[in-house]
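The values are calculated or read from the model by the stated rules, or taken from the named source; none is laboratory data. Not measured: the values here are computed from a predicted model. Positions of Cβ are generated from backbone atoms using ideal geometry, with glycine treated the same way; all protein chains shown enter the neighbour counts.
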Amino acid sequence: DVPYSEGLFTSYRAEDAAAKSAFPFGHGLSYTTFTYDQPKQLTEGECQAFVCVTATVSNSGRSGASGSEVAQAYVEFPPSAEEPKLVLRGFHKTAVLAPGAEEVAMFNFTRRDLSIYRGGGWQLQHDIKLHIGSSSAPLYWLSMSIS
């Protein structure tokens, strides 16, 4: 038998430096750069899911190159949840954006996306932080709280 005691704490979710990967999850190279506007939570009337969040992704590169981006949404549960610090819960691949062009990335979260499994059932968590960016590295994040 091989014990797998790390559970969910692997790769980008690892808190132990020995278990971390060489590059952040989602890391990639491009001939251009992208910027993100602050995420916005939509109202109930605008949203068909439990929670909907948008963020505008812009090709801000000076090279004149077009490119596409994969915006990623990570949920950070409160420390009391005893879950990995980050859990990938959504992504949005943009079309190929010309320099200066932008696209709105939409993330639709179900109740289960914002819950953890405990005691035989799913428990919705409160005071969740949402991080949107190009990888799991905090350098590129824009954050918001969902209550």
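The criterion of being farther than 17 Å from residue 134 by Cβ and not in a strand (DSSP E or B) does not hold for residue 63.
Tallying residues that are surrounded by 12 or more Cβ atoms within 10 Å (Cβ to Cβ), among the small types (Gly, Ala, Ser) and outside any strand (DSSP E or B) within segment 107-147 yields 4. Taking first residues from segment 85-106 that are buried (at least 18 other Cβ atoms within 10 Å of the Cβ) and modelled with pLDDT of 95 or more and partners that are in a strand (DSSP E or B) and of a type in the set (D, E, K, R), the Cβ contacts under 6 Å between residues at least 6 apart in sequence or on separate chains come to 94/103. Cβ-Cβ contacts under 8 Å between residues 6 or more apart (or on different chains), taken from a first residue in segment 51-80 that is at pLDDT 90 or above to a second residue that is surrounded by 21 or more Cβ atoms within 10 Å (Cβ to Cβ) and among the acidic types (Asp, Glu), are listed as 57/69; 59/69.
Scanning segment 108-134 for residues that are among the hydrophobic types (A, V, I, L, M, F, W, C) and touching a residue at least 60 places away in the same chain (Cβ under 8 Å) yields 109, 114, 130, 132.
Applying the condition of being loosely packed, with under 15 Cβ neighbours inside 10 Å and of a type in the set (Asp, Glu) to segment 37-83 and asking which residue is nearest to the chain's Cα centre (by Cα) yields 82. Residues that are in a loop (DSSP other than H, G, I, E, B) and in contact with a strand residue (DSSP E or B) (Cβ under 6 Å, 6 or more places away or on another chain) were ranked within segment 96-106; the one that is nearest to residue 71 (Cα to Cα) is 101.
Within the set 14, 18, the sole residue that is modelled with pLDDT under 90 and over 17 Å from the mean Cα position of the chain (by Cα) turns out to be 18. Considering only residues in segment 72-90 that are part of a strand (DSSP E or B) and in contact with a Leu (Cβ under 7 Å, 6 or more places away or on another chain), the one that is nearest to residue 107 (Cα to Cα) turns out to be 73. Within segment 17-69, being hydroxyl-bearing (Ser, Thr, Tyr) and farther than 20 Å from residue 137 by Cα holds for 43, 63, 66.
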